[in-house]
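Right, one structure below, let's go through it.
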Amino acid sequence: MKVQDIIDVLEAFAPAATQEPWDNAGLCIGSPQQEVRGVLVGFDCTESLIEEAVRRGADMVVTHHPLIFGGLKRIDPDDPVGATVMAAIRHGVAVYAAHTNADKADGGVNELMARRLGLIEPQPLDESGLAWIGVLPGPMTGEAFCAYVKECFSLPTLRCSAPVEEVTLVGTSCGAGSSFAEKAYAAGAEAFVTGDVSYHHFFVPEGRMILDIGHYESEVEIVSKFVSVLRKKLHTFAVYTTENKKNNPVYHF
């Protein structure tokens, strides 16, 4: 099996050409012609994920977030990204990411998020595919909706603006999606669910509310989706899920 064979399967699901212009999805370390014996799938590419891949006999890592996002001016072993790049090259591990292309794919991150909330007939909010909108199974008070979201995403806590009287239509956007909130409100959504909400985005129009469930929490389901996509097409190939189930860099106390 070659790296390109793995890429072909992933990009049939999430075409690289659909990524946002500012994104850096795709193969960032390694050659498409490199032979691989196994693939390890994780959320973020870290030095520990590379070490786990080596330990488990995988010579390719697939993640959601790109390891190299902006330009690298130097590779510093004391920097987390630099240390990871060095580890991957040292061990001959190819590194690939499907990011915004996976966010907007059919069955991708945003659709998974909307369906986890049980939204009825969810659909993209606009042509970008980076936000969705759908109807709740039944109306809820704002407080009840907060409890429902916590249950859906197994959250110990969440941040939100003042709860509204009733929620029926919900907008969602994975990751740091608060820029889509106004468009969701204009479409009639009483609530918008996303991550990485800044202080000023909590000042919402009357009758609207915004919920911050966390960047990681809104996207991590894509790991199991990548594994499913790969195993469906590569029946006898070694596809592993990371053993690190607590790889969210944000801690809650």
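The numbers here are math on the coordinates, done by the rules we state, and not lab data. Values in this document were obtained by computation on a predicted structure and should not be read as measured data.
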Quiz item: Rounded, prolate or oblate: which fits the stretch 109-213, taking a ≥ b ≥ c as square roots of the Cα gyration tensor eigenvalues, rounded meaning a/c under 1.5, else prolate when a/b beats b/c?
Solution: rounded
Quiz item: Nearest-5 percent of antiparallel DSSP beta bridges in the stretch 109-213?
Solution: 60
Quiz item: For Met209, which sequence-distant residues (separation of 5 or more, or a different chain) have an amide H within less than 5 Å of its own amide H, given hydrogens modelled in the peptide plane?
Solution: Ala191, Phe192
Exercise. Scan (1) 19.0, 57; (2) 17.4, 49; (3) 17.3, 55 for the value of Rg and Dmax of the Cα atoms in Å calculated from this model and give just the label.
Key: (1)
